[in-house]
Structures are given as C-alpha cells and as structure tokens.
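To start, the structure itself, in structure tokens.
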Amino acid sequence: MRQTKNELISYRIGRSEECLEEARILAGTGHWNVVVNRLYYACFYISGALFVMKDIELDCKNEFYQEFNHKFIETGNLDAGLGAIFLELYEKKEEEDKAQIRKYEPSEITVLIANAEFFVNTIFAEISKKD
C-alpha cells in the first residue's frame, strides 16, 4: 500500500515523539547510553518528516545528517544551532555503534534531552508552517 505524503509526514512525526518518550523513560531508569540512541532517532525521524514535506528524497539513512546540514543549515533556512545539536547526537550514536566505551553522567543526559526536545519542537514548527 502506497502512503500519501501527509501520512508519511505524520508517521515520522509520531516516531520522533515516541523516541523522545522512550528517551525520557530510559533516562528515568538510568539507562544513559540507550537514551542517546533514542534522542538521535527522535531528531532523525523529525528531520525525515521535513525532508518528505520538502520533497527531498535520500538513498540511505547515513545521508540524513549531511543532507539536513546541506539543505537547511548551510542555506540559512534553519539556525546553525540545530545542526550542532543533530551533529552531537549523531556523533555520540556513532560512538555507541562502533563499540566505543562511553559512560554518560545524568547531567550530560539532561542537557542532551533538552537539546533534542528543542530540535524536535523547532522542526515540528517548521513542518507546521507548510510553506
């Protein structure tokens, strides 16, 4: 079954919200490393919704950060701080994926959650404008 553009946007927004909620729950139980993964994917999914809204197609998920930066940050369409948030979460997720030893402190996670929430809310507002 082929999905409409609006269905795909709604799905990705929903997945982003789910990932944020999962991160909050995991943070509450002290599973700090998994929180970073969920925060990255919250940003990944909301960015994906923005790509769909703007009719930008990507071949693979590894291009998301680079294309987000190229299409929205370098062009000045979105604040560079958003790119920095996404990059930080991307790099931390990559550390985990490559089995690097990393221990997070609760204070660090609190900042990452706040940053990811800001990112998601800002992109959601952008999507809601529907140019």
Find the centroid of the Cα atoms in segment 71-131 and in segment 1-58, then give the distance between the two in whole Å.
12
Segment 5-129 - Rg over Rh from alpha carbon coordinates, Kirkwood radius
0.96
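What's the magnitude of the charge dipole for the chain around its Cα centre, counting Lys and Arg as +1 and Asp and Glu as -1 at the beta-carbon? Answer in Debye, nearest 20. Intermediate values should be presented prior to the final figure.
Values: 16 positive and 23 negative charges, 55 e Å.
Charge dipole of the chain: 260 debye, to the nearest 20.
Which of the GluC sites (Glu not before Pro) across segment 1-90 are loop residues per DSSP, with 12 or fewer other Cβ within 10 Å? Display every interim value, and only then the final one.
Working: sites: 7, 17, 18, 21, 22, 57, 63, 67, 74, 88; in loops: 57, 74.
For GluC sites (Glu not before Pro) across segment 1-90 that sit outside H, G, I, E and B with at most 12 neighbouring Cβ atoms in 10 Å, the list reads 57, 74.
How charged is the neighbourhood of residue 72? Take every other residue with its Cβ under 11 Å from the Cβ of residue 72, and add Lys/Arg as +1 and Asp/Glu as -1.
Values: positive: 54, 71; negative: 67, 74, 79, 126.
Result for the neighbourhood of residue 72: -2.
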Each residue of segment 36-46 in order: what ³J(HN,Hα) in whole Hz does its phi give by Karplus 6.51 cos²θ - 1.76 cosθ + 1.60, θ = phi - 60°, with x for Gly and Pro?
4, 4, 5, 5, 4, 5, 4, 5, 4, 5, 5
Pairs of Cα atoms under 8 Å, at least six residues apart: use those to get the relative contact order of the chain, whole percent.
33
For the cross-link pairs 54/93; 5/103; 54/103; 93/129; 5/93, which exceed 32 Å when the distance is taken from alpha carbon to alpha carbon?
5/103; 54/103
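The numbers here are math on the coordinates, done by the rules we state, and not lab data. No experiment lies behind these values; they were computed from the predicted model shown. When we count neighbours, we look across all protein chains shown, and the Cβ atoms used for this are built from the backbone with ideal geometry, even at glycine.
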